[in-house]
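Structure first, then comments.
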Ligand code: CMC
């Protein structure tokens, strides 16, 4: 059989718009050869020494695409926000180690850090907190929306819809907007998301909304809106406020995860910030991403309810014919202990010591972790607990129902999403994100009239 000469792909024609040159000078080049043609690809080095091969000109120069399912080997942007060192379990937000931020900062300071690029001074923090206060209320007409959701609606469904609805009440920010306007939009989102989250919970349990109050700090306000009621006294303890601050900080950003990529993807089309954040909320909801914190508790509850022995749980997690996965374990980037999980585990232990986490769920979690870490199958695959393994247990101890866990993750991740959206919009190399594909469908088929189809 004679091999037909390969047709020149249509995409090999010079593209109308040339790919942008890399922003940094290449430190070295990687060589690619195809069909006797050679392409020198620039190799760029990030500030932490990680190397990336710039393949942006591949299609234009050679008429081929890079095939990378699940984007496992693809860097989709250059970013100066967050660094994750998956081999050594290190996480830096704007250069600051997560351990230092969780120990010393408040969530509001970390939000400021992500959005503005550095930690606030006393004056800047006070101005930012004032804005958070001023923008915490929801438009009266928005309150009516909650009444139309059915009982038992998942708060993530309500959250995503409410966030995109904000775009019809508040103007979007323009690229050339001044700092003050950007601050207002950012604080409006940060503050209102918290109010929406608490209102959606109150709606789900049929209780009246509790309005935000200028007397409280960000996290205290949220706890108050969640747990105060006209018929019971509630005052958030300093311990709960501190724990919530820490957990929201752990969630604050994690570079190009699925939800952040969704925010950037939607943002690259020029859609408004509220639409982009709503896309992020939807992407986060999945059990492989932020929804894992709810899925972990449900898994633990099932193990206890059905009295499934831990070795049997691991056997099922290893069985490829069984759809079961050990929730809260594994990570695309971390091939060692997730530093966020380490901090969450310490908080969990603190609550166990104080008798605030009791009963079998915490015990099973510890037993599962120990057994999985000692199991060669998990060791070979570098599977460790991730941030979601322990956070659900903590949120539960604070009084949150499991349906709210992913909402809390979203609240924490919001400043990260906003920071990425801003960075993307300010990047001169940014174009609409439009990945390609590797087509394996049928070749041209003759159209068959409906009467003749079988
Ligand atoms: N239980 C059992 N096996 C697992 C698990 C798990 N939780 N995670 C990964 N594996 C296995 C997987 O079957 C594969 O085995 P093999 O090489 O034999 O085919 C290997 O480990 C590599 O896994 P992968 O699916 O290629 O890894 P990924 O990078 O595509 O997926 C993950 C990462 C987080 C989606 C996955 O580890 C997982 O499903 N974990 C459970 C859900 C979870 O906890 N998600 C929260 C992630 S952290 C918070 C966040 O960022 O949202």
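Bear in mind that the values in this text are calculations on the coordinates, not laboratory data. Since the structure is predicted, the reported quantities are computational estimates derived from the model, not experimental observations. Positions of Cβ are backbone-derived with ideal geometry, glycine not excepted, and every protein chain shown enters the neighbour counts.
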#### Entry: Degrees separating the helix 273-285 axis from the principal Cα axis of the chain, which is the longest one
80
### Potential extension, residue 96-residue 321 segment - 0.36 nm per residue separation minus Cα distance
76.8 nm
### Task
Give, in nm to one decimal, the length gained when the segment between residue 233 and residue 342 is fully stretched (0.36 nm per residue of separation minus the Cα-Cα distance).
35.8 nm
### Message
If packing is taken as the average count of other Cβ atoms within 10 Å, what order do 203-211, 386-394, 270-278 fall into, highest mean first?
### Response
386-394, 270-278, 203-211
### Listed peptides 66-72, 370-376 by packing density, highest first (mean Cβ within 10 Å)
370-376, 66-72
### Summary
Nearest 10, in degrees from 0 to 90: the angle of helix 122-134 to the longest Cα principal axis of the chain is 80
### Task
For the range 220-290, evaluate the Debye formula with one uniform point scatterer on each Cα (no solvent term) and list log10 I(q)/I(0) at q = 0.24 Å⁻¹, rounded to two decimals.
-0.98
### Message
For the chain, compute Rg over Rh where Rg is the Cα radius of gyration and Rh is the Kirkwood radius from the inverse mean 1/r over Cα pairs.
### Response
1.01
### Label point distance in nm, residue 71-residue 433, each placed 7 Å from Cα along Cα→Cβ
0.4
### Task
Give, in nm to one decimal, the length gained when the segment between residue 127 and residue 205 is fully stretched (0.36 nm per residue of separation minus the Cα-Cα distance).
24.6 nm
#### Entry: Cα Rg, Dmax, the range 116-176, angstrom units
15.8, 45
### Message
As an exercise, use a Förster radius of 51 Å and the Cβ-Cβ distance of residue 448 and residue 332 to find the FRET efficiency, rounded to the nearest 0.05.
### Response
0.70
### Cα Rg, Dmax, the range 360-444, angstrom units
20.7, 60
### Query
Using a simple spin-label model with points 7 Å from Cα along the Cα→Cβ vector, what separation in nm is obtained for residue 371 and residue 426?
4.9
### Query
Any idea what angle helix 155-169 forms with the longest principal axis of the chain, computed on alpha-carbon atoms, 0 to 90 degrees, nearest 10?
80
### Query
Given R₀ = 51 Å, FRET efficiency for residue 43-residue 363 by Cβ-Cβ distance, to 0.05?
0.55
### Query
What nm distance separates the two modelled labels at residue 24 and residue 157, each placed 7 Å from Cα along Cα→Cβ?
4.5
### Query
Using the beta-carbon distance between residue 304 and residue 137 and R0 = 41 Å, what value does 1/(1 + (r/R0)^6) give for FRET efficiency, to the nearest 0.05?
0.50
### Query
Once the range 289-402 is represented by equal point scatterers at the alpha-carbon sites, with solvent omitted, what log10 I(q)/I(0) does the Debye formula produce at q = 0.20 Å⁻¹?
-1.12
